[in-house]
Amino acid sequence: MSHHLSSQEVSQWMIGERTPQQEQHVRQCPECGAEVARMEAALALFRGSVRHWSDGQSRAEPPAIGSILPARRGSWAQPMRWALVAATLLVLAAVPVYRNVQERQRQAEIARADALLLEKVDAEVSRAVPRPMEPLAKLVSWDFSSTDGRDEKTGNEEIR
Amino acid sequence: MIAAVERSASEIDDLDTLVRLHWPRVFRFALASLRDPDAAGSVAQDCFLRAYRSRQRFRGECSIEAWLMRIAVNLIRDYARNRRLQFWKRAQASAVDLAAVGQRVPDGGASPESGAMAREQLAAVWNAAGDLSERQRTVFLLRFVEDMDLLEIAAATGMKEGTVKVHLFRALQAVRERIGRSQ
């Protein structure tokens, strides 16, 4: 390899992509060797400065577990959350059932009222005589044994 | 494989150990991404909480670190998107922190000139990293701060290995360009 490393080749070198010819050239060429060393030194400085900066931070120390898992509330909060969800679902499911029961009760009351009314109507309809004539009807005895109300022997119409 | 998965799952069950072992890395990555210690702390906290809550879904297809980093990457992305304006303001304000960070460059007995040059280079990398796209910055930080290899980065970001390479290459080109300008 006769030519110097290009800018792209130096960057590829830093990634780790290098050919044996390039390695030999960098070993032998002071210019390319210095360029690679300069880049490596700059990156090493950067790494060192980041680590130094990080180590100097108060938050660089691992914190107490309690601050990461606040009061480990999952142990009771999770079941509580599920219980709340279950209660909500139960209420939501109970509303239609309750309404259904109420509706059935209302319909049963209407049916009972209708039945009472019908009974009264039936009672009125089935009277032998109208209510105002009832006292008279009590005075008269009706015999319905003869279907047409005539005397069987004479054939005369008879009123008993 | 099954034993490894069971071991990993039990490691996640032990939240104390999980946090103790992995908090510094997750926090550091969040800090480098967001440049805000409070936001980084919140993201790291949320990361472990989510990991613990979704531990049943961990199948051991990648390392726990990669899995945690994946959660962190998603949280950081969401955080930056939800608070774009505040994030931009903080990024502007972090220029003060950059000056402080630059002062921490070890001189190693080098000359004042080379020390100043190193600080300039460092500031150039910080600024370049801040200007990268979200994906480029993520892969850049995972590779050059967290020392993750390409496959681990792919697992942590959900990208294909080839996509990771492309983003990393573009990030490096941007950083190289910025370093070149600083000289």
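The values are calculated or read from the model by the stated rules, or taken from the named source; none is laboratory data. Note that the structure is predicted; figures quoted are calculated from it, not measured. Cβ coordinates were reconstructed from backbone atoms using ideal geometry, including for glycine residues, and neighbour counts include every protein chain displayed.
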Take residue A:129 and decide whether it is away from chain B (no Cβ under 14 Å) and in a helix (DSSP H, G or I).
no
Only helices (runs of 4 or more DSSP H) wholly contained in the stretch A:5-113 count here; list those with 3 or more residues that are touching a residue at least 24 places away in the same chain (Cβ under 8 Å) and charged (D, E, K, R).
A:30-55
Expected single match for within 25 Å of residue B:145 (Cα to Cα), surrounded by 12 or more Cβ atoms within 10 Å (Cβ to Cβ), in contact with a Cys (Cβ under 9 Å, 6 or more places away or on another chain) and within 14 Å of chain B (Cβ to nearest Cβ) among A:26, A:10 is A:10
Give A:47, A:18 a once-over and let me know the one that is more than 7 Å from every other protein chain (Cβ to nearest Cβ) and in contact with a helix residue (DSSP H, G or I) (Cβ under 8 Å, 6 or more places away or on another chain).
A:18
Restricting to the stretch B:42-63, give me the number of residues that are buried (at least 22 other Cβ atoms within 10 Å of the Cβ) and within 7 Å of chain A (Cβ to nearest Cβ).
1
Name the residue that is modelled with the lowest pLDDT, counting only residues in the stretch B:19-38 that are within 15 Å of the chain's Cα centre (by Cα) and surrounded by fewer than 21 Cβ atoms within 10 Å (Cβ to Cβ).
B:37
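Let's see how each residue does on (1) surrounded by 10 or more Cβ atoms within 10 Å (Cβ to Cβ); (2) at pLDDT below 80:
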position: A:97; (1), (2): no, no
position: A:101; (1), (2): yes, no
position: A:107; (1), (2): yes, no
position: A:113; (1), (2): yes, no
position: A:118; (1), (2): yes, no
position: A:123; (1), (2): no, no
position: A:137; (1), (2): yes, yes
position: A:145; (1), (2): no, yes
position: A:156; (1), (2): no, yes
Would you mention how many residues in the stretch B:131-145 are more than 12 Å from the chain's Cα centre (by Cα) and either closer than 18 Å to residue A:48 by Cβ or not in a helix (DSSP H, G or I) (or both)?
2
Which numbered condition residue B:155 misses (of (1) in contact (Cβ under 8 Å) with a residue 12 or more places away in the chain; (2) out of contact with any Cys (no Cβ under 7 Å at 6 or more places or on another chain)):
(2)
So how many residues does the stretch B:103-130 have that are at pLDDT 90 or above and away from chain A (no Cβ under 12 Å)?
0
As an exercise: evaluate residue B:149 against (1) closer than 13 Å to residue B:73 by Cβ; (2) surrounded by fewer than 20 Cβ atoms within 10 Å (Cβ to Cβ); (3) within 9 Å of chain A (Cβ to nearest Cβ) and give the number of the one condition it does not meet.
(1)
Quick one: how many residues across the stretch A:34-58 are under 27 Å from residue B:18 (Cβ atoms) and surrounded by fewer than 19 Cβ atoms within 10 Å (Cβ to Cβ)?
8
Condition broken by residue A:88, with the remaining ones in (1) within 11 Å of chain B (Cβ to nearest Cβ); (2) among the hydroxyl-bearing types (Ser, Thr, Tyr); (3) surrounded by 10 or more Cβ atoms within 10 Å (Cβ to Cβ) satisfied:
(1)
